[in-house]
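The structure appears right after this line, and notes come after that.
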Amino acid sequence: MGSNRTNFRVIGLFLLLISMLLFAGGCNNKNNVLSAKQLTDNTPLTVKVLDVGQGDAILIRGGGQVILIDTGDVPDRDKLVSFLKSEKITTIDKLIITHPHADHLGGFAALVGQFAIKQIIDSGQITTTALFRQYLTAAQKKQIAFTVASEGDQFDLGSGILLRVLAPGKPLLTGTDSDLNNNSIVLRLTFGKFSMLFAGDAEQVEETQILKKYSREMKSTVLKVGHHGSRTSSSLPFLAAVAPEAAVISVGLNNDYHHPHPSILKRYEKQKTTVFRTDLHGTVTIAINGENYTIMREKGENAK
């Protein structure tokens, strides 16, 4: 009996040691320390890069606030409204329009009739399109507070969650291949050890401008890739400064622009950045608790 007891003790100690090693191994995994369910159920901050086809719409919930960055394009208006309603959202505290291209502004007309919008944060750019005129008219009619963003602005969302504006600067850039893209609102979200950079449609000109001023402050855990993965963006110096662990590309399936460009995907691959794409993975959800984070795909088994 004594021998059997000794054997049981040895086996017990062995199993305990294995359990400790497995736990320690799990803690070394930077974004899976907690299961996705644990983080989703308990997280004080979530970022959802929504699958709205060839456009941008990003939902941030944290600090008791609902933030929406861009609204997708006109054809996906109903999809955006349905998604927000499925999230039981009735009020949008801050609607940020990074720039007035249709694939970022197109869903606004549907939103303004369905949700209470407390504040619009705009890049300050003006276009002559009918869509832009409708946007301004509707915002004025609803008497929505209107703020023009500028580099250095900071929004405190509460609970230690901060959203800082890195661009556009003043005066706005002119004479570029696309002034609207190169004056996009670029934002950096921080919460505890986590950070995320939202690059709008910033092209290399604006990326260079940001690097000159914020090169030491750009490193971020996750990057929302600029301009849908176009080769006009994601310059090598910019990526080196951001050095993201993961990147999310908001892009439409089989889009006419051939986004994301293969050369850009290779850049992220060389940098060993895990890439998520809304065309392949659907809505991409990032759950953050300040110490750890996890990324969940709506569909698809592997990031590509």
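All of Ala241, Ala287 fail the test of being of a type outside the set (Val, Ile, Thr), crowded, with 17+ Cβ neighbours inside 10 Å and either closer than 18 Å to Gly300 by Cα or touching a residue at least 60 places away in the same chain (Cβ under 8 Å) (or both), apart from Ala287.
When we screen Ala303, Ala202 for residues that are assigned to a loop (DSSP other than H, G, I, E, B), modelled with pLDDT of 95 or more and under 17 Å from the mean Cα position of the chain (by Cα), the only hit is Ala202.
Could you tell me which numbered condition Leu265 fails, if it satisfies all but one of (1) in the same structural domain as Pro75 (by TED's automatic domain parsing); (2) at pLDDT below 95? Only one criterion in (1) in the same structural domain as Pro75 (by TED's automatic domain parsing); (2) at pLDDT below 95 is unmet by Leu265, namely (2). State yes or no: is Thr176 assigned to a loop (DSSP other than H, G, I, E, B), closer than 18 Å to Asp73 by Cα and more than 19 Å from the chain's Cα centre (by Cα)? Here the answer is no, as Thr176 does not meet what is asked. Take the residues of the range 160-187 that are of a type in the set (S, T, N, Q) and surrounded by 14 or more Cβ atoms within 10 Å (Cβ to Cβ): which is farthest from Leu105 (Cα to Cα)? Going through the qualifying residues, I end up with Thr176. Taking Phe155 as the residue in question, decide whether it is hydrophobic (A, V, I, L, M, F, W, C), closer than 15 Å to Ile69 by Cα and either surrounded by fewer than 24 Cβ atoms within 10 Å (Cβ to Cβ) or touching a residue at least 40 places away in the same chain (Cβ under 8 Å) (or both). Judged against the criteria, Phe155 is a match. Across the range 257-270, the qualifying residues are those that are in contact with a strand residue (DSSP E or B) (Cβ under 9 Å, 6 or more places away or on another chain) and not hydrophobic (A, V, I, L, M, F, W, C), and the one among them that is nearest to Gln54 (Cα to Cα) is His259. Among the residues of the range 70-78, at least one is buried (at least 21 other Cβ atoms within 10 Å of the Cβ), under 22 Å from Arg164 (Cβ atoms), assigned by TED's automatic domain parsing to the domain that holds Thr127 and not hydroxyl-bearing (Ser, Thr, Tyr). Within the range 246-275, the set of residues being in a strand (DSSP E or B) and either surrounded by fewer than 18 Cβ atoms within 10 Å (Cβ to Cβ) or free of Cβ contacts under 8 Å to residues at least 60 places away in the same chain (or both) comprises Ala247, Ile249, Thr274, Val275. If we scan the range 188-198, do we find a residue that is charged (D, E, K, R), closer than 23 Å to Arg277 by Cβ, touching a strand residue (DSSP E or B) at 6+ places or on another chain (Cβ under 9 Å) and surrounded by 20 or more Cβ atoms within 10 Å (Cβ to Cβ)? Yes, there is a match, as at least one residue in the range 188-198 is charged (D, E, K, R), closer than 23 Å to Arg277 by Cβ, touching a strand residue (DSSP E or B) at 6+ places or on another chain (Cβ under 9 Å) and surrounded by 20 or more Cβ atoms within 10 Å (Cβ to Cβ). Return the residues of the range 205-238 that are of a type in the set (Gly, Ala, Ser), part of a loop (DSSP other than H, G, I, E, B) and out of contact with any helix residue (DSSP H, G or I) (no Cβ under 6 Å at 6 or more places or on another chain); say none if nothing qualifies. The answer is Ser230, and nothing else.
The values are calculated or read from the model by the stated rules, or taken from the named source; none is laboratory data. Since the structure is predicted, the reported quantities are computational estimates derived from the model, not experimental observations. Virtual Cβ from ideal backbone geometry, glycine too; neighbours counted across all protein chains shown.
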